[in-house]
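Just so you know, all these numbers are worked out from the coordinates, no wet-lab data involved. Nothing here was measured: the structure is a model prediction, and the numbers come from that model. Cβ: placed from backbone, ideal geometry, glycine included. Neighbour counts: every protein chain shown.
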Amino acid sequence: MDDKLACVCSSESQVKKGRYEHMGEKLFAWPGSKRRAAPSPIRPHLAPMVFSGIVEEMGEVVSYAKLPSVTMWDGSTQAGWVLVVTMRVGLGDAYIGASIAINGVCLTVTEMTESTATFGIAPETIRRTNLGSLTAGAAVNVERSLATGARNSGHYVQGHVDGTGAIAHRHVEGDSLWIRVAAPPEILDGIVEKGYIAVDGTSLTVCEVNRSEGWFSFMLIAHTQQCIIVPKKAVGDKVNLEVDIVTKAQRAAMEGGGGGGGGIMLGLGIGLGIGLAAAFVALRIKQQ
């Protein structure tokens, strides 16, 4: 008997919207087994929420403004920043409360129209990211959170930006565009050559790291140049940076001496990667 675990749908109907699928109740069964499959322990609403760093479209900022009265949980009001972005793909299966990454920042949809999504921006987000510098008409990278079982062509991006860097240099080699980004030491410490980095939410491969001079670099192929906002930026412009979660976990473990909080963080990081990979593979295997 094949030892592969298969995922079978109890409903043949499938409604596909963008990269999301509704496939009815998912059931696990051993291939060839005559026993009724047990209900899957994996549910889309319980699966870890991540992004891939593969930007789906470039949206445009309609407005970014501080409103004088945003309603709080107790009915009181406080001033707060609100971002409105036009998008097409991002709205295909969105809903109030959905997670959408804007320039790599995981944001919650609070309002929707046929062509726009509205997000509340917290003070911590303004401090950590480049969203505070957005103006009407600015282009932004847009990516919806991954559905359970969706293909990940980038890497696991949380949408939790570590901080910003600044474009320090750019040059062309053949049809590729080299970008060098100056970054603070606490971010550079987590960046490794040929590792992953999310820049404004785009999953990229690190080409070089120079810690003594305080920069790292990456290269964009011609296709990517046309799909993201980074090539539109000039030297000195800020970009959002998110270090790979596995690198973060390893660094936390080393700083913690391999135990305590560091060990827990390492376990969570490795567990996240292995768990998500195993869940996604199991959901994609067809019964033979």
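Could you check the simple spin-label distance between Ser69 and Val89, using points 7 Å along Cα→Cβ, in nm with one decimal?
It works out to 4.0 nm between the two label points.
Using a Förster radius of 22 Å, what is the FRET efficiency between Ala138 and Val82 based on their Cβ-Cβ separation? Nearest 0.05, please. Each step should come with its number before you reach the end.
On the way: r = 15 Å, r/R0 = 0.69.
About 0.90, to the nearest 0.05.
Can you tell me the convex hull volume per residue for region 57-144, based on C-alpha atoms, in Å³ to the nearest whole number?
Working: hull volume 7.9 nm³, N = 88.
Output value, Cα hull per residue: 90 Å³.
Does region 146-265 come out rounded, prolate or oblate by the C-alpha gyration tensor, with a ≥ b ≥ c the root eigenvalues, rounded set by a/c under 1.5 and, if not, prolate when a/b is larger than b/c and oblate if not?
Numbers: a/c = 2.24, a/b = 1.41, b/c = 1.59.
Oblate is the answer for region 146-265, as a/c is 1.5 or above yet b/c matches or exceeds a/b.
Taking R0 as 30 Å, what's the FRET efficiency between Glu114 and Ala166 from their Cβ-Cβ distance, rounded to 0.05? Write down the numbers at each step before the final one.
Numbers: r = 36 Å, r/R0 = 1.21.
Using R0 = 30 Å, I get an efficiency of 0.25.
If the only charges are +1 at each Lys and Arg Cβ and -1 at each Asp and Glu Cβ, what is the size of the charge dipole of region 75-182 around the Cα centre, to the nearest 20 debye? Intermediate results must be reported in sequence, preceding the final value.
Numbers: 7 positive and 8 negative charges, 36 e Å.
Dipole of region 75-182, to the nearest 20 debye: 180 debye.
Highest mean first, what order results for 199-210, 220-231 on Cβ atoms within 10 Å? Please report the intermediate quantities before stating the final value.
Working: 199-210: 20.4, 220-231: 15.8.
Per-residue mean Cβ counts within 10 Å order the peptides as 199-210, 220-231.
Mark the label point 7 Å from the Cα of Glu60 along Cα→Cβ and return the residues of region 121-150 whose backbone N is within less than 13 Å of it.
136-140
At 7 Å along Cα-to-Cβ for each site, give me the label-to-label distance between Ala98 and Glu208 in nm.
4.1
Long-range amide H contacts for Ile102: which residues qualify at under 5 Å (H placed 1.01 Å from N, peptide plane, sequence gap of 5 or more or a different chain)?
Result for Ile102 returns Leu107.
Sort Arg144, Arg128 so that the residue with the fewest other Cβ atoms within 10 Å of its own Cβ comes first and the one with the most comes last.
Values: Arg144 24, Arg128 19.
Fewest-to-most Cβ neighbours within 10 Å comes out as Arg128, Arg144.
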